[in-house]
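S.K.: There's a structure below that I have some questions on.
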Amino acid sequence: MISRSNKSQWKVPEPALRRLPWYLAYAKLLKSKGETLVSSTQISKEISVDSSQVAKDLSYVNVAGKTRVGYDIDSLIVVLEDFLGFTISHKAFLFGAGSLGGALLHDSGLNQYGLDVIAAFDVSPELCGTTIGGIPVYSVDRFQEIRKKNKVSIGILTVPVNQAQKTADLMIEGGIKAIWNFTPYRIRVPEHIVIQDTSIYAHLAVMFNRLKG
């Protein structure tokens, strides 16, 4: 394995990609209230992002607002959902069906954003052969077999820290192309592998540190 991938060729800056779902959620909230238009100034006040930044972020998705009118909410939702990939079902495997992994398997909301977890893998005899949230849990030894039948390219990593790199290597060797890493361990992957870290422990550390101030 080589060092972590640095996808500098992405057209849209990562900070903008992280903000776009905020705009989508706000647009959906306004739609539920019967609103039909929203301005960058409105979004700015609600999301606490400068209005010029909002306009720049939305320029990446080719959605145009009208001067002094704003954006059509229905169009904005459609364009954002399509651009972010939420309208296409992306099948995924989850590795590590313990407490955190089990919670994700119970989260039916992931489907609404295009992520369809179709199977989980674990080493625990107590978990293998069961279902969590309607999703089957298999022994990790069956990963290659199950993947050949489903051609899944996304893996969710929720194993203990001491198993993180080993499991990531197994996932990649089995054909996984993108890893959503929930462990606090900075796994190493080849350049062609997409890696997204979401460590709740890192976020806790930031929150606790800021509380001190």
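S.K.: Does region 66-74 contain at least one residue that is buried (at least 16 other Cβ atoms within 10 Å of the Cβ) and part of a helix (DSSP H, G or I)?
M.R.: Checked region 66-74: at least one residue is buried (at least 16 other Cβ atoms within 10 Å of the Cβ) and part of a helix (DSSP H, G or I).
S.K.: Moving to a separate point now. Of everything in region 54-68, what is without any contact (Cβ under 8 Å) to a residue 24 or more places away in the chain and either β-branched (Val, Ile, Thr) or in contact with a helix residue (DSSP H, G or I) (Cβ under 8 Å, 6 or more places away or on another chain) (or both)? Give them in sequence order.
M.R.: Once the filter is applied, which keeps residues that are without any contact (Cβ under 8 Å) to a residue 24 or more places away in the chain and either β-branched (Val, Ile, Thr) or in contact with a helix residue (DSSP H, G or I) (Cβ under 8 Å, 6 or more places away or on another chain) (or both), region 54-68 yields 55, 62, 63, 67.
S.K.: Which count do you get for residues in region 93-122 that are over 21 Å from residue 149 (Cβ atoms) and aliphatic (A, V, I, L, M)?
M.R.: 4
Let's see how each residue does on (1) free of Cβ contacts under 8 Å to residues at least 24 places away in the same chain; (2) over 18 Å from residue 193 (Cα atoms):
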{"position": "116", "(1), (2)": "no, yes"}
{"position": "140", "(1), (2)": "no, yes"}
{"position": "145", "(1), (2)": "yes, yes"}
{"position": "158", "(1), (2)": "no, no"}
{"position": "175", "(1), (2)": "no, no"}
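S.K.: Could you tell me whether residue 97 is in a strand (DSSP E or B) and in the same structural domain as residue 199 (by TED's automatic domain parsing)?
M.R.: No, not satisfied.
S.K.: Among the residues of region 68-87, are any at pLDDT below 95 and within 30 Å of residue 165 (Cβ to Cβ)?
M.R.: Within region 68-87, one or more residues are at pLDDT below 95 and within 30 Å of residue 165 (Cβ to Cβ).
S.K.: Inside region 116-136, can you point out the residues that are of a type in the set (A, V, I, L, M, F, W, C) and more than 21 Å from the chain's Cα centre (by Cα)?
M.R.: 123, 127, 128
The values are calculated or read from the model by the stated rules, or taken from the named source; none is laboratory data. Quantities reported herein were computed from a predicted structural model and do not represent experimental measurements. Using ideal geometry, Cβ is built from the backbone for each residue, glycine included, and neighbour counts are taken over all protein chains shown.
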